[in-house]
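Undergrad: The following block contains the structure, expressed as structure tokens.
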Amino acid sequence: MSRRRFSIVLACAVCASAAVEAKTLRYAFQGTLKSLDIYALAETFTLGTLTNVYEGLVARDGDLKIRPALAERWERLSPTHWRFHLRKGVTFHNGNPFTAADVVFSAERVRSKGSNLRARVPKDARFVAVDDHTVDVHLSSPNPILLSEWASWGIMDREWAEANDAVAVASPTSKKVSYAAKHANGTGPFRVVSHRVGVKTVFERNDAWWGKREHNLTRVEFVPISAASTRVAALLSGEVDMAFPIPVQDEARVSANPGTSVLAGPELRTIFLGMDQFRDELIDSDIKGRNPFKDKRVRQAVYHAINIKAIQSRIMRKRSVPTAQMISPVLFQGETPPERLAYNPKKARELLSSAGYPSGFEVGMDCSNDRYVNDGAICQAVAALLAKVGIRVKLNVQPKSRFFAKVLGSNGYQTSFYLLGWTPSSFDSYNVLHKIHGCRSKGSARGQFNLGGYCNPEVDALADRILVENDPARRDVLIEKAFKITTSDVAYIPLHQQMLAWGVSKRVSIKQRADNVFHFQWVQKD
């Protein structure tokens, strides 16, 4: 064989090999990836997507257990003194070295104004760079779940943030668009190469990643498809390799299709209703001068009006597990689990009458239509059920980006009645008691997602004890006591834990985690 022909054959072989190796995964989700700043929005899809790009000191494996990440090991030198030994040789996507200075910077940035992840790191924790690859963390009190909150706290490059005026965190409602919201620079297994909000985000494999690769992808393309029918059609036609969530009514069709299947499993998320118990007058109601939801009897009436079995069978089509508590029983179940208030419209009307609302009242309700499984349909069902007892609901159903922009603290919690879902980032009850039930106070992360302003100082005192209690048995007793109080107060109306349903091409192998986080790292494509 001539040298020239050998070169041509070799070149063709290399091209063919590259073509075989190049694997692009295309997937769709019902909502948008609004910001690339991993501190801007504590929402599962956003955080989950960005943990493919940014990494924390620790991570969670496929079974949700804590494992080393940017910290290769750690030790507790005392109950309030932790030492983290950082991985050496790690670089950010732009080539900058990862050092202890980045950890110290990230600890300050995540607790700064505008950050939606302030509670990830204790407010009074002091981070000290011992050397380039060692960080000490000094706490004011013991914290047995410190690491549990850190799997989605991604470390950012201090030099990159300072050079691009991205030290400040811009919330999703801010008029200023931060550089970090449109660009990303992490250490993770994938890097962002393009991002157009509401259109497409493209990721490419980070060949310089320090970890062991468990996927065979070179490129990932995400497209938001809000309409469920369009999302399912894209999966069935092969336009995308994976789509989620799959509506319960379409699961059979996806399973029957020769090229696709449904990956289903239980999710840790609890879906619930919240009510404004803070304002003296609701912002969206025909009752003036007082707030009906401040009366426990009204909250009980709303609870009794909810036919959870009808929602489970007709809206969720058995793809949900009704619950009476605000945390999945997989994560916590005390000695005497709570029971739901029974569906009883007559009792609901009696309670409303005794509270001074014999004719009911009108109230606005905020809901997303692209965040949780059948969220818009659930809200419509709730509105219809409440109408039967005299509560007239004015529904405001919006895409999640507009929904969160309206109801979160950055916009002053502008909601009177709402549907929300919550998975505790630490998978621990303290997270729920602190963020969802905690009394709101300016400058504190307590109650950050307590949109309705429920407040019981006794619950806060118990939460503070739970945070520092190292004995598991004593800790569980405190947790159960706190949840009994919030349940008795009707702080919220829990509905159900929803089921996951991902539509997947049979050419793709994917690992599904119960927290509904999609990691590219565990994808194999034929």
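The values are calculated or read from the model by the stated rules, or taken from the named source; none is laboratory data. Bear in mind that the values here come from a model prediction, so they are computed numbers and not experimental data. Virtual Cβ from ideal backbone geometry, glycine too; neighbours counted across all protein chains shown. Only protein heavy atoms, including side chains, enter the accessible area calculation; ligands, DNA and RNA are left aside. Shrake-Rupley method; radii C 1.70, N 1.55, O 1.52, S 1.80 Å.
Undergrad: Can you give the FRET efficiency for VAL128 and ARG317, using 1/(1 + (r/R0)^6), R0 = 51 Å, r = Cβ-Cβ distance, to the nearest 0.05?
TA: So the FRET efficiency works out to roughly 0.45.
Undergrad: Suppose a student asked you for the relative contact order of the chain, using Cα pairs under 8 Å spaced at least 6 residues apart; what percent would you report?
TA: Over the chain, the number comes to 20 percent.
Undergrad: Whose amide H sits under 5 Å from the amide H of ALA59, counting only residues 5 or more places off or on another chain, with H placed in the peptide plane?
TA: ARG67, ALA69
Undergrad: Which value at 222 nm does the chain reach when only helices count, each DSSP H run of 4 or more adding -39,500 (n - 2.57), with the total divided by all residues and rounded to the nearest 500 deg cm²/dmol?
TA: -8000 deg cm²/dmol
Undergrad: Can I ask one more? Cross-link candidates for LYS525: which aspartates and glutamates have Cα within less than 16 Å, leaving aside residues fewer than 8 places away along the same chain?
TA: Counting by Cα, and skipping residues close in sequence, LYS525 has these aspartates and glutamates nearby: GLU21, GLU204, GLU214, GLU221, GLU239, ASP241.
Undergrad: Could you tell me which of rounded, prolate or oblate describes the range 191-267, using a ≥ b ≥ c as the square roots of the eigenvalues of the alpha-carbon gyration tensor, with rounded for a/c under 1.5 and, failing that, prolate when a/b is larger than b/c and oblate otherwise?
TA: Judged from the Cα gyration tensor, the range 191-267 comes out prolate (a/c at least 1.5, a/b above b/c).
Undergrad: Right, something else. Just the number, please: percent antiparallel of the DSSP beta bridges in the chain, rounded to the nearest 5.
TA: Percent antiparallel among DSSP bridges in the chain is about 75.
Undergrad: To continue, here is another question. Once each part is reduced to its C-alpha centroid, what is the distance from the range 272-298 to the range 465-518 in angstrom?
TA: 27 Å
Undergrad: Assuming a ≥ b ≥ c are the square roots of the Cα gyration tensor eigenvalues, decide whether the chain counts as rounded (a/c under 1.5), prolate (otherwise, with a/b larger than b/c) or oblate.
TA: oblate
Undergrad: Something else about it: Measure up LYS65/LYS506; LYS34/LYS200; LYS294/LYS435 against 18 Å on the Cα-Cα distance and list the ones that go over.
TA: Cα-Cα > 18 Å for LYS65/LYS506; LYS294/LYS435; rest within.
Undergrad: Oh, and also: List, in order, the whole-Hz ³J(HN,Hα) value for each residue of the range 97-105 obtained from phi through the Karplus relation with A = 6.51, B = -1.76, C = 1.60 and θ = phi - 60°; use x for Gly and Pro.
TA: x, 8, 9, 4, 4, 5, 5, 4, 4
Undergrad: Which distance in nm do the two modelled labels at ASP165 and LYS113 give, with both placed 7 Å along the Cα-to-Cβ direction?
TA: Using points 7 Å along Cα→Cβ, the separation is 1.7 nm.
Undergrad: Another question about this same structure. Roll a 1.4 Å probe over the protein chains and send me the accessible area per residue for the chain in Å².
TA: About 41 Å² of surface per residue is accessible.
Undergrad: Okay, next question. Quick one: of LYS175/LYS406; LYS400/LYS511; LYS296/LYS347; LYS182/LYS406; LYS123/LYS176; LYS113/LYS400, which pairs are farther than 19 Å apart, Cα to Cα?
TA: Pairs exceeding 19 Å: LYS400/LYS511; LYS182/LYS406; LYS123/LYS176; LYS113/LYS400.
Undergrad: I've got another one for you. Roughly how many debye, to the nearest 20, is the charge dipole of the chain about its Cα centre, given +1 on each Lys and Arg Cβ, -1 on each Asp and Glu Cβ, and no other charges?
TA: 1140 debye
Undergrad: So, one more: Go from 0 up to the bin containing the longest alpha carbon distance in the range 59-215, width 10 Å each, and give me the % of pairs per bin.
TA: 10, 36, 38, 14, 1
Undergrad: Specify the angular offset, from 0 to 90 degrees and rounded to the nearest 10, of the alpha carbon long axis of helix 296-305 from the longest principal axis of the alpha carbons in the chain.
TA: With rounding to tens, the tilt is 70 degrees.
Undergrad: Still on this structure, please answer the following. Just how many % of Cα pairs in the range 465-526 lie over 20 Å apart, if you round to the nearest whole percent?
TA: Counting every Cα pair in the range 465-526, those more than 20 Å apart make up 59 percent.
Undergrad: Apply the Karplus curve 6.51 cos²θ - 1.76 cosθ + 1.60, θ = phi - 60°, to the phi angles in the range 235-241 and return the couplings in whole Hz, x for Gly and Pro.
TA: Once θ is set to phi - 60°, the couplings for the range 235-241 become 5, 5, 7, x, 5, 10, 8 Hz.
Undergrad: OK, next. Whole-Hz ³J(HN,Hα) for each residue in the range 406-422, computed from phi via Karplus 6.51 cos²θ - 1.76 cosθ + 1.60 with θ = phi - 60°, x for glycine and proline: what do you get?
TA: 7, 9, 6, x, 4, 10, x, 6, 7, 8, 9, 7, 7, 10, 9, x, 9
Undergrad: Once you sort the root eigenvalues of the Cα gyration tensor of the range 329-391 as a ≥ b ≥ c, which label holds: rounded (a/c under 1.5), prolate (a/b larger than b/c) or oblate (the other case)?
TA: oblate
Undergrad: Also, I was wondering about something else. What trypsin sites (Lys or Arg not before Pro) in the range 429-526 are in a loop by DSSP, with at most 14 other Cβ atoms within 10 Å of the Cβ?
TA: Answer in residue order: LYS442, LYS506, ARG507.
Undergrad: If eta is 1.567 mPa s and T is 4 °C, what Stokes-Einstein diffusion coefficient results for the range 115-194, Kirkwood Rh from Cα pairs, in µm²/s?
TA: Taking Rh from Cα pairs, D becomes 86 µm²/s.
Undergrad: Express the carbon and sulfur contribution to the solvent-accessible surface of the chain as a percent, rounded to the nearest whole number, probe 1.4 angstrom.
TA: Here it works out to 50 percent.
Undergrad: For the range 289-394, which trypsin sites (Lys or Arg not before Pro) are in a loop by DSSP, counting at most 11 other Cβ atoms within 10 Å?
TA: Loop-located and lightly packed - LYS318.
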